[in-house]
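Engineer: One structure is given below, represented as structure tokens, and several questions about it will come after.
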Amino acid sequence: MNEFGVNLPTTDGQMECFIVQPDGGQPAPPVIIYMDVLGIREELFDFARRLASQGYFAILPDMFYRAGKIRFDPATDGIEKMFDVGRALTVDMVMTDTEAMLDYLKGNDDVGNKIGCMGYCMSGQFVVAAAGNFPDEFGAAASLYGTRIVTDSPYSPHLLADKIQAEVYLGWASEDPFVEANVIPDLSKAFDDNGVKYTSVTHPDTQHGYSFPQRPIYDETASEQDWTAIFSMFERQLKQ
């Protein structure tokens with residue numbers, strides 16, 4: 001595998017991206033990884049490597065670039081500091097960033113035409129919004145314990161369900177104070193009403209953040225079930 005970085009120009013500056021290209025020398029389906037609120041770190045690099053090991057061109061953007069090169073240490077940085085940076089990031093900002101990544105991918109001979117995306121925590125909203133705003137580009141999208149997907153705003157991401165053409169995978173924690181009780185049924189109804197092909201799984205006895213191996217709440221069983229389902233979806237939608 002080949003690992004490298006690129007700086008992509010956006011309307012707000014230069015967005016640093018970590019990329020892992022699979023072996024094989026053939027065009028590979030690209031997958032964008034939208035990070036969680038803890039930001040860029042080795043765990044996410046490892047996720048990109050895992051995608052590449054299965055034949056995907058993984059691109060991981062540093063979505064906090066507008067605030068500088070932000071790196072959090074959960075052991076020393078207060079959770080409010082992380083949330084403050086995360087709250088400043090809007091769907092419109094990330095859609096601008098997504099457009100920059102799509103432009104980069106379209107001009108890259110190393111990637112295929114069908115694009116996937118996956119996101120954690122705060123990026124659940126961005127995954128659904130990306131699938132809705134760029135329906136011709138995204139063939140598959142995965143959200144893991146995603147937040148702010150369903151809100152009272154007239155611009156709530158779930159209201160884009162009528163635009164989504166991608167297959168969607170939704171993984172949820174059974175105990176999650178960041179996902180209100182109405183979110184899963186409201187999102188499921190929006191998808192059902194608009195014919196979105198999707199799978200929604202709530203993992204028993206799990207907490208928000210269960211996907212990350214270096215966190216004390218990591219749940220290997222739930223995480224691996226997600227990976228298996230996501231790779232199966234990517235195989236169907238991006239490689240066929």
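Engineer: Whether any residue in segment 66-77 is of a type outside the set (Val, Ile, Thr), farther than 17 Å from Ala141 by Cα, at pLDDT 90 or above and under 19 Å from the mean Cα position of the chain (by Cα) is what I want to check.
Structural biologist: Yes, some residue in segment 66-77 is of a type outside the set (Val, Ile, Thr), farther than 17 Å from Ala141 by Cα, at pLDDT 90 or above and under 19 Å from the mean Cα position of the chain (by Cα).
Engineer: Out of the residues in segment 23-35 that are of a type outside the set (Val, Ile, Thr) and modelled with pLDDT of 95 or more, state the one that is farthest from Arg66 (Cα to Cα).
Structural biologist: Filtering first and then ranking leaves Ala28.
Engineer: If you don't mind, there's one more thing I want to ask. For Asp36, indicate whether it is among the acidic types (Asp, Glu) and in contact with a Phe, Trp or Tyr (Cβ under 9 Å, 6 or more places away or on another chain).
Structural biologist: Considered against the rule, which asks whether it is among the acidic types (Asp, Glu) and in contact with a Phe, Trp or Tyr (Cβ under 9 Å, 6 or more places away or on another chain), Asp36 comes out as yes.
Engineer: Answer with yes or no whether Ala142 is touching a residue at least 12 places away in the same chain (Cβ under 8 Å), touching a Phe, Trp or Tyr at 6+ places or on another chain (Cβ under 7 Å) and not in a loop (DSSP other than H, G, I, E, B).
Structural biologist: For Ala142, the condition - touching a residue at least 12 places away in the same chain (Cβ under 8 Å), touching a Phe, Trp or Tyr at 6+ places or on another chain (Cβ under 7 Å) and not in a loop (DSSP other than H, G, I, E, B) - is met.
Engineer: Show me the strands (runs of 3 or more DSSP E) entirely contained within segment 1-102 in which 1 or more residues are touching a Pro at 6+ places or on another chain (Cβ under 8 Å), surrounded by 21 or more Cβ atoms within 10 Å (Cβ to Cβ) and among the aromatic types (Phe, Trp, Tyr).
Structural biologist: Filter on segment 1-102 gives 30-34, 57-61.
Engineer: While we're here: Are there any pairs, at least 6 apart or on different chains, whose C-beta atoms fall under 8 Å, with the first in segment 16-28 and free of Cβ contacts under 8 Å to residues at least 40 places away in the same chain and the second polar (S, T, N, Q) and not in a strand (DSSP E or B), and if so, which?
Structural biologist: Note: pairs meeting the criteria are Pro22/Ser53; Pro22/Gln54.
Engineer: Just the residues that are buried (at least 18 other Cβ atoms within 10 Å of the Cβ), within 19 Å of the chain's Cα centre (by Cα) and not in a loop (DSSP other than H, G, I, E, B), please, taken from segment 199-212.
Structural biologist: Result: His203, Gln207.
Engineer: Given the structure, is Ser153 among the polar types (S, T, N, Q) and buried (at least 23 other Cβ atoms within 10 Å of the Cβ)?
Structural biologist: No; evaluated as a whole, the condition is false for this residue.
Engineer: Among the candidates Gly139, Gly86, Gly68, single out the residue that is of a type in the set (Gly, Ala, Ser), touching a helix residue (DSSP H, G or I) at 6+ places or on another chain (Cβ under 6 Å) and over 23 Å from Tyr198 (Cβ atoms).
Structural biologist: Answer to the check: Gly86.
The values are calculated or read from the model by the stated rules, or taken from the named source; none is laboratory data. Since we're looking at a predicted model, the values are computed, not measured. Using ideal geometry, Cβ is built from the backbone for each residue, glycine included, and neighbour counts are taken over all protein chains shown.
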